[in-house]
Amino acid sequence: MEINSIRKKTREIIIGSKKIGAGNPILVQSMTKNKFKQIDLLKEEIKELINSGCEVIRIALTDKSSINYIRSLVKEGFFSDTPLVADVQFDFELALLALEAGAHCVRINPGNIGGLEKTAMIIKKAKETGACIRIGVNSGSVDKKYLKKYDNDYLRAMIESTLEYVRFFENMEFYNFKISAKASSVMDTIYAYRTLSEKINYPLHLGVTEAGSKFSGSIKSAVGLGILLNEGIGDTLRVSLTDSSVDEVKAGYCILNSLGLRQFGVNIISCPACGRTRVDLKTITQEIERITGKMTKPLKIAIMGCIVNGPGEAREADIGIAFSIKKAAIFVKGKILRSVDVKDIVTEFKHELEKLM
Ligand code: SF4
């Protein structure tokens, strides 16, 4: 089934040079890990994120010293094609300054930024600068007032507070906003987003918060986000990992590619290897993954350990390898190109890939 056809048509919003919602491509986001004090490392990280296909970059602002850095990064053109979201907690003035410095969006939780009065000032500033706002209420940062009201049922408090913030934004006639309601529990995340999607029509930024390491975080995110996306819910996403921000982007695309919602970068189909395998398939696959890791053009690569399923899968791919005992057959667009010695396969693969690209 074509998932794109059941995607919910949310309201379109603008963030810098990009559009979110209303059936636009689901954007992959990430958040930087380096500090402003390590500005060269931060710049390098931003460049790597952009090269890896990150479409929206979020940066945490910790204090007012961050603002000069933000202003310089914007001036230097880092975010001309990849919008910047300034993540601000507690300090509404910092959100105002970030917008003045050129942030395309501020992520705030009205519940901890100083209440609706301060939120109104941020909305007014966003109207002036043309920025959007992300209302981001995480399971760990729900306003205590709502927790008390709903008897510490954090999920209900998270949903109800978000709905109230939405009404407040609407009352101020500000509609250029998206919403996130992430929980660290996958099932609670699914429940929160399903409920919000039923009740409101603004774009939803999906994520499972504090998802964990590269391994467990990717799996939790794939399960939670995959279920929601499969129901047509979600307009942007971030896979939160206790690992590199570039890996977050890779995981995000892997989820979207798997569901047929985007076609981005390399899709490696490699067999798990078994007693029939006569080559070091793991090392060869890792090497090919390393070579192709930065490619953004859609490409299907098959790496198969033996002749049982090998030729079949390899034929279906743009470029494929099927191993026998001492030889490896290279397939390009369904046709066997040639057979090479196993020891030469990585070099030969690279050669064919260059020709293909
Ligand atoms: S393709 Fe061949 S080597 Fe790979 S898992 Fe299947 S049977 Fe084993």
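The values are calculated or read from the model by the stated rules, or taken from the named source; none is laboratory data. This is a predicted model, so every value here is computed, not measured. Cβ atoms come from the backbone with ideal geometry, glycine included; neighbour counts cover every protein chain shown.
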ask   = Among the residues of segment 261-268, is there at least one that is more than 14 Å from the chain's Cα centre (by Cα) and farther than 30 Å from Gly23 by Cα?
value = no
ask   = Of the residues that sit in segment 332-342 and are farther than 20 Å from Thr283 by Cα and of a type in the set (A, V, I, L, M, F, W, C), which one is nearest to the ligand (Cβ to nearest atom)?
value = Ile336
task = Residue by residue through segment 291-311, note down the ones that are of a type outside the set (Lys, Arg), farther than 16 Å from Thr277 by Cβ and out of contact with any Phe, Trp or Tyr (no Cβ under 9 Å at 6 or more places or on another chain).
result = Thr292, Gly293, Met295, Leu299
inquiry  = With of a type in the set (Lys, Arg), in the same structural domain as Ala131 (by TED's automatic domain parsing) and over 20 Å from the mean Cα position of the chain (by Cα) as the only criterion, which of Lys43, Lys37 stands out?
reply    = Lys37
request  = Go through segment 123-164 residue by residue and tally those that are in contact with a strand residue (DSSP E or B) (Cβ under 9 Å, 6 or more places away or on another chain) and on the phi > 0 side of the Ramachandran plot.
outcome  = 1
task = State whether one or more residues within segment 343-356 are within 13 Å of the ligand (Cβ to nearest atom), outside the structural domain of Arg238 (by TED's automatic domain parsing) and at pLDDT 90 or above.
result = no
ask   = For Ile59, are the conditions met, namely being assigned by TED's automatic domain parsing to the domain that holds Asp247, of a type in the set (A, V, I, L, M, F, W, C) and buried (at least 20 other Cβ atoms within 10 Å of the Cβ)?
value = yes
